[in-house]
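Trainee: Starting off with a structure, shown below.
The values are calculated or read from the model by the stated rules, or taken from the named source; none is laboratory data. Everything numeric in this text was worked out from a predicted model, so none of it was measured. Note: ideal-geometry Cβ built from the backbone for every residue, glycine included; neighbour counts use all protein chains shown. All accessible areas refer to the heavy atoms of the entire protein, side chains included, with ligands and DNA or RNA removed. Shrake-Rupley method; radii C 1.70, N 1.55, O 1.52, S 1.80 Å.
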Amino acid sequence: MKQQNKKMTYGPSPESPDSVYSWLSKSKKKFGHFINGEMTRPTNTFDTINPSTGEVLAKVSKGTENDAKLAVKSAKAAFKAWKNFTPFQRAKCIYALARLIQKNSRILAVMETLDNGKPIRESRDIDIPLVARHFYHHAGWAKILPEKFPRKEPLGVVGQIIPWNFPLLMLAWKIAPALAAGNTLVLKPAETTPLTALFFAELCMEAKIPPGVINIITGDGKTGSFIVKHTDIAKIAFTGSTEVGRLLRKQTAGLEKKLSLELGGKSAFIVFEDADLDSAVEGVIDSIWFNQGEVCCAGSRLLVQEGIQKKFVAKLKRRMGKLHLGDPLDKSTDIGAINSFSQLEKIKNLVASGEKEGAKIYQPKMEIPTQGFFYPPTLLEQTHQSMDICQTEIFGPVLTVIPFRTPKEAIAIANNSRYGLSASIWTENINLSLDLAPKIKVGVVWINSTNLFDASAGFGGYRESGYGREGGIEGLLEYLKDPTFSRKLNYNKKSSIKEISLIEKDEIQTIDRTRKIFIGGKQTRSDSGYDRKVFGFKKKIIGQVPEGNRKDLREAVEAASLEVKWRNMTPHSRAQVLYYAAENLELRKKEYASILKKMTGIDGKQEVESSLETIFHYAAWADKFEGTIHDVPIRGVSLAINEPVGVIGIVCPDDNPLLSFVHLVFSALCTGNSVIAIPSEKYPLSALDMYQIFESSDMPAGAINIVTGDRSTLTQTLAVHMGVDSLWYFGTKEGSKTVEDLSISNLKQTWVNYGQQYPWLEPSREFRTLSLYKATQVKNIWIPYGE
Amino acid sequence: MIPREPIDLDINLILSQKVNLSAVERRCDTLMKRRSVKKRHQADWLLKAIEFMDLTTLAGDDTPGRVDRICHKAKNPVRRDILNLLKIQNPISVAAVCVYPELVRTAKSALRESNIELASVATGFPTGLVPERTKISEINAAIKNGASEIDVVINRNKVLTANWRSLYNDVLTYKKACGSLHLKVIIGAGDLGTLRNVVRASWVSMLAGADFIKTSTGKEPTNATLPVSLVMLRAIRDFHDLTGIKVGFKAAGGISKAKQAINYLILMKEELEEEWLDKNLFRIGASSLLADIERQLEHYVSGAYSSGNRHPIV
């Protein structure tokens, strides 16, 4: 019997790793890949280590191009059968995975902790329960999918690449919705954390998932790129660094693959003076010292109202002293090991550079284990937005502090980042928090809470934090096909002689017109000083349009970015403006039809009529494209709001030059975006002339800007412009590739046609809705309540 | 003990207190999963819990015989053989015995030759809805009969009607009547409706001179809970930051399992500085808790789960 301990200390309380070791030994601590329902023979192996001790846990195989090919092949072969499973059958498979995860929850938690370094408390209470929840939720989706999306089809084989910070949870976020939607997949776990994925492979066999539906290959970035480049991969889902996200966008440019990226962040944790400060302190702990700060949505920038800064920081420092750092398997550990030596070095270097920049470092006194990769909780004071340490993602347990004076300033600082993943807002004033939530450009907002996740609520970022959502209906849509369209369209129908003579009669009556470009609500001359001639279908010059250049686009993007009136208008008012535009277009129906005819040789009446109908259509949507309330498991709600993407560049096609312009521009406008439109290069007149309609319809200045000119030059300028949030391109296949390729500048969203022609005159319901989805991004606002 | 001076009531300070229920609940929920005490450490913590205990009997059927019995248990809270196996040489006892004023005299006599404090409830326990002058005479009677600590209840309707000034004056009067005796103020959290009221009542009590703030009488629909306790502890911490005065905390009502006692100890340890882990600043008011702790201790020393009949009842 041990002696009495007079001081109340916790003492050791370790979770036993034995179950994991005995499982590893079963495979002689060597693993192959999981392809076509079987484990392959281990080859080309590398070590996976326990970051808290440096001990080698097992050897896993580095996937080759051939492994990737085999995996994709088996997934492709399995797709047909899997797709034809009934929803009930698919649901049962996913349900079995959920159940098996629950049954094996403890060994999975211990394994995750051994391989990743995170505290057992987190893997046991957060990671693994969320994994099970994700499979449960999506087992449900598999069952009811045909009711919710009767016309939607799965994509085929999807490639999924996941990071090391939440190995099994990210696997669940990827695999569950992919399966529910009817896809088959190839997944690559992170190089340093492959073990739980390999254990999961065993569960797949136990759950009798048909061979080939789920394939898991281990390896490094190179292995990943074999998956990404494979021609039979219909979609890539990636979670990881912004740097790799860029690379993937580049590698997949023009390959007609769907892409969703969940990347880095530098999220703001905002504390107002009327917050419950002690609770906010706990929020900070859960935000930046959760998972050693190795969390993409970590609240790494603390913004605190100046009047309470001193008090709050004092409370925070006191609380930091209570954190336990050490053995991740100990049940009382708050902060475990950093995942790898290289990550630890990166954190150390960034903090050192922060100190050099003038930051004052605070670390509570605590013992740091001598072996393994540990870094203490760190607070950097006297930091400013102008410091690199406040802009660069550290991905470690390091927090910076910046004071603010007013809500407006808090928003400005929060948005002063290239990222846009999440924000946490602390105030007891609901008016203040709900006012702030839409103004912060992030995908997730937590009010008086932080790091809440659920399978029913979408997660994902704005800006360089990526695009696409995981979880919720919005996440499921990522794994379903966008509507496809016929490539055949006949718009070169010959006009009758009678029509031609009519046009000539019109021409005689026409006074010479000088068309201008339209920027910031003003008709203006192009900076180039040149005009380009527009030829009619009879090869005769029928007009001139300005030769817009990069400076014109600079002005246009500036005007669009500064525009606030349009996006702040009530949806009802926006609808009114759009309806009014239809009224005004209708008054000039004949004129627009005649211009169309002059350009294309086709009677433009139907196109103008369709344009009017399309304007009505999107005006109608303006106050109806509503969000959702997700049923998250808290006392509270999660509001999924459809927010405008922001500044959208729209490069219009030559087919149906007025209607395609109207369709794209009005769908972007009705959801509150501001637009820079490039009309068809060949037939620009009718679209450019629309500025007269906008001018006479009370459209706020800057909401719509129209610049004519050389399609390819203007497209490239928009594609690399950092102020453009999304670029829609309807042109050639090569042009589409260029747009995707150049979009990596600021990781803008893209919507391209890969050279396809769209049935503008006979749009399907899906196609019209698709534009609305492309024009918006979902923000999830978590609002716990209770008094 | 020299009674401390009350501090002027600042209504703005009371009204500016903020509590976010969801965040408080989350903290309580996760905290209990963030910390774990096992084996010898757990046994030592349970022994500490005994030393922090106000062994209580506050029932309509209390008789001198019952009080006598409880006092005897207070002096011998754990079977000697278990203590021997735990290698505890010095005798241990609970911090105090807590009874109705009527039974103070009996308890006083039963506790003679021990350093166990004798606490008496007062001021119209448990509701506080009796005339103010009878409240003071209750306190006086308890003191006269030998109580060394007074557990008063506040009149909850003064919280519910936001009559902070009047509540403050009540507690001032109790404090004056208690003189140098230890004053514990029971805020009756289960009757207060919101955590915001809990923090406000705590502040008013502390400003008016409470040595301890106590969660509950044990007679409200809900008694001590971790969220209520967390809010009170944070108030104690803020009050200390502001005034330098250390106010104690007593959790009472509904704490009947050893595991719960451990949770409260974790809460104290994590939310306040080490010096609050002392019977002068922390108490657990309980009765059946002691038997459960004793069973857990026997389990620790024997490796086998024990049963209730093997431990002397209180």
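Trainee: Which value, in Å to one decimal place, does the Kirkwood hydrodynamic radius take for the range B:172-224 when every pair of different Cα atoms is included?
Mentor: That comes to 11.4 Å for the range B:172-224.
Trainee: On to the next question. For the range A:550-603, take the alpha-carbon Rg, divide it by the Kirkwood Rh, and send me Rg/Rh. Numbers along the way, then the final one.
Mentor: Values: Rg = 16.3 Å, Rh = 14.0 Å.
With Rh from the inverse mean 1/r over Cα pairs, Rg/Rh is 1.16.
Trainee: Could you work out the mean projected area of the convex hull around the alpha carbons of chain B, in square nanometres to one decimal?
Mentor: That works out to 15.4 nm², a quarter of the Cα hull's surface.
Trainee: Could you tell me what fraction of 2.2 N^0.38 Å the Cα radius of gyration of the range A:692-787 comes to, as a two-decimal ratio?
Mentor: So the range A:692-787 has a normalised radius of gyration of 1.37.
Trainee: Hey, could you pull the Cα Rg and Dmax for the range A:248-368, both in Å?
Mentor: 17.7, 54
Trainee: Skip the ligands, DNA and RNA, and give the accessible area per residue of the range A:512-597 with a 1.4 Å probe, whole Å².
Mentor: On a per-residue basis, 58 Å².
Trainee: Sketch the reach of a paramagnetic label on residue B:12 as a point 7 Å from Cα along Cα-to-Cβ, and name the residues of the range B:185-203 whose backbone nitrogen lies under 19 Å away.
Mentor: Only B:200, B:203 fall inside the zone, counting backbone N under 19 Å.
Trainee: If eta is 1.306 mPa s and T is 10 °C, what Stokes-Einstein diffusion coefficient results for the range A:598-693, Kirkwood Rh from Cα pairs, in µm²/s?
Mentor: Roughly 105 µm²/s, to the nearest whole number.
Trainee: Ranking request for peptides A:283-296, A:6-19, A:330-343: highest mean number of other beta-carbon atoms within 10 Å first, then the rest in descending order.
Mentor: Result, highest mean first: A:283-296, A:330-343, A:6-19.
Trainee: How big is the C-alpha Rg of the range B:1-143 next to the rule-of-thumb value 2.2 N^0.38 Å, as a ratio?
Mentor: Normalised Rg, Cα atoms only: 1.39.
Trainee: At 20 °C and a viscosity of 1.002 mPa s, what translational diffusion coefficient does Stokes-Einstein give for the range A:399-457, taking Rh as the Kirkwood radius over Cα pairs? Give it in µm²/s as a whole number.
Mentor: Stokes-Einstein gives a translational diffusion coefficient of 175 µm²/s.
Trainee: Moving on. Specify, per residue and in Å³, the volume enclosed by the convex hull of the alpha carbon atoms belonging to the range A:1-152.
Mentor: 170
Trainee: Same structure, new question: At 1.4 Å probe size, with the rest of the protein present, what percent of the exposed accessible area of the range B:135-271 is carbon and sulfur atoms?
Mentor: 52
Trainee: Find the all-direction average of the projected area of the Cα convex hull for the range A:1-43, expressing the result in square nanometres with one decimal place.
Mentor: With every direction weighted equally, the projected area is 5.8 nm².
Trainee: Leaving out ligands and nucleic acids, note down the accessible area per residue over the range B:1-45 with a 1.4 angstrom probe, in whole Å². Walk me through the numbers before you get to the answer.
Mentor: On the way: 2180 Å² over 45 residues.
The answer is 48 Å² per residue.
Trainee: Residue by residue through the range A:156-171, what is 3J(HN,Hα) from phi via Karplus (6.51 cos²θ - 1.76 cosθ + 1.60, θ = phi - 60°)? Round to whole Hz and write x for glycine and proline.
Mentor: In residue order, the calculated couplings are x, 9, 10, x, 9, 10, 10, x, 9, 7, 9, x, 6, 5, 5, 4 Hz.
Trainee: Taking each residue in B:11-23, count the Cβ atoms of any other chain within 10 Å of its Cβ, then average. What number comes out?
Mentor: Across B:11-23, the average partner-chain Cβ count within 10 Å equals 6.
Trainee: Okay, moving on. For the pair residue B:305 and residue A:19, what calculated FRET efficiency results from E = 1/(1 + (r/R0)^6), where r is the Cβ-Cβ distance and R0 = 35 Å, to the nearest 0.05?
Mentor: With R0 = 35 Å, the Cβ-Cβ based efficiency is 0.90.
Trainee: So how many Å³ per residue does the convex hull of the Cα atoms of the range A:352-464 work out to?
Mentor: 153
Trainee: OK, next. In whole Å, what are the Cα extents of the range B:230-286 along the three principal axes, biggest one first?
Mentor: So the extents along the principal axes, rounded to whole Å, are 35, 19, 17.
Trainee: If you don't mind, another one. Could you give the spread of the C-alpha atoms of chain A along their three principal axes, from largest to smallest, in whole angstroms?
Mentor: The principal-axis extents, from largest down, are 110, 63, 45 Å.
Trainee: For the range B:181-303, count all C-alpha to C-alpha pairs, find those more than 25 Å apart, and express that count as a whole percent of the total.
Mentor: Here the long-distance tail beyond 25 Å is 22 percent of all Cα pairs in the range B:181-303.
Trainee: Calculate, for residue A:41 and residue A:85, the FRET efficiency according to 1/(1 + (r/R0)^6) with r their C-beta to C-beta distance and R0 35 Å; round to the nearest 0.05. It would help to have the intermediate numbers written out before the result.
Mentor: Working: r = 30 Å, r/R0 = 0.85.
Calculated transfer efficiency: 0.70.
Trainee: Given points 7 Å out from each Cα along the Cα-Cβ axis, report the residue B:273 to residue A:722 separation in nanometres with one decimal.
Mentor: Between residue B:273 and residue A:722, the simple spin-label model gives 4.8 nm.
Trainee: Quick one: if the Förster radius is 51 Å, what FRET efficiency do residue A:405 and residue A:769 give, using the C-beta to C-beta distance and rounding to 0.05?
Mentor: Rounded to the nearest 0.05, the efficiency is 0.75.
Trainee: Assuming a viscosity of 1.567 mPa s and a temperature of 4 °C, what translational diffusion coefficient in µm² per second does Stokes-Einstein assign to the range A:173-287, Rh being the Kirkwood radius over Cα pairs? List each step's numbers first, then the result.
Mentor: Numbers: Rh = 16.8 Å.
It diffuses with D of about 77 µm²/s by this estimate.
Trainee: Could you check the spin-label model distance between residue A:573 and residue B:136? Points 7 Å from the Cα along Cα→Cβ, value in nm.
Mentor: Label-label distance for residue A:573 and residue B:136, simple model: 6.5 nm.
Trainee: Return the average number of partner chain Cβ atoms within 10 angstrom of each residue Cβ along peptide A:269-278. Don't jump to the answer; show the numbers that get you there.
Mentor: On the way: counts 0, 0, 0, 0, 2, 2, 3, 13, 4, 14.
Neighbouring Cβ atoms belonging to other protein chains average 4 per residue here.
Trainee: Dividing the alpha-carbon radius of gyration of the range A:86-160 by 2.2 N^0.38 Å (N being the number of residues), what value is obtained?
Mentor: That works out to 1.34 for the range A:86-160.
Trainee: When DSSP beta bridges are limited to those with both residues in chain A, what percentage is antiparallel, rounded to the nearest 5?
Mentor: The antiparallel proportion sits near 40 percent.
Trainee: Shifting gears a bit: If a/c stays under 1.5 just call it rounded; otherwise compare a/b with b/c (prolate if a/b is bigger, oblate if not). Do that for the range A:32-74, with a ≥ b ≥ c from the square roots of the Cα gyration tensor eigenvalues.
Mentor: prolate
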